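K.L.:
Let me give you the structure first, and then I'll get to my questions.
Every number in this text was worked out from the coordinates using simple rules, so none of it is lab data. The structure displayed is predicted, hence computed values, not measured ones. So basically every Cβ, Gly included, is an ideal-geometry build from the backbone, and we count neighbours across all protein chains shown.
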Amino acid sequence: MSQEDVRKGITNAKFNEESSNILFGEITLLSIFLGGVSESWWVLGLVFLGCTTALRFKPAVLFMCIGFSIIWGIIGYGIGMIIGGIGTSVVLGVIGLLGGIVVNMRALK
């Protein structure tokens with residue numbers, strides 16, 4: 001193993017760790033949002049516990065990552081509607097969706 005291989009491995013591990021932090025942040029925000037909407041600490045705790053437990057099962061993680069990516073696309077679409085109309089909203093929505101997919105799929109590694 002060369003120094004270059006070790007350096008690439010360390011860089012890749014750091015990037016995957018940052019992506020994992022984003023995924024945990026999304027889970028936390030989802031838990032807070034659903035707990036706030038339902039006005040229940042139980043919902044907040046159960047959603048957080050359920051999502052973190054689901055991280056152990058590959059199909060559940062894939063479903064969560066796709067769901068979070070769709071939410072990023074919706075957020076991009078909403079921002080686009082605020083600043084520029086339908087064209088801007090579609091472009092930002094697609095960028096949000098694809099960016100969410102890339103970041104969330106990197107978190108799976």
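K.L.:
Among the chymotrypsin sites (Phe, Trp or Tyr not before Pro) within segment 33-109, which fall in a DSSP loop and have no more than 11 other Cβ atoms within 10 Å of their own Cβ?
P.N.:
On the way: sites: 33, 41, 42, 48, 57, 63, 68, 72, 77; in loops: 57.
Filter output for segment 33-109: 57.
K.L.:
With r as the distance between the Cβ atoms of residue 32 and residue 62 and R0 = 22 Å, compute the FRET efficiency 1/(1 + (r/R0)^6) and round to 0.05. Could you put the intermediate results ahead of the total?
P.N.:
Working: r = 23 Å, r/R0 = 1.05.
Approximately 0.40, to the nearest 0.05.
K.L.:
Mind listing which GluC sites (Glu not before Pro) in segment 13-109 are in a DSSP loop and have 14 or fewer other Cβ atoms within 10 Å?
P.N.:
Numbers: sites: 17, 18, 26, 39; in loops: 39.
Here the GluC sites (Glu not before Pro) that fit, given the DSSP loop and packing criteria, are 39.
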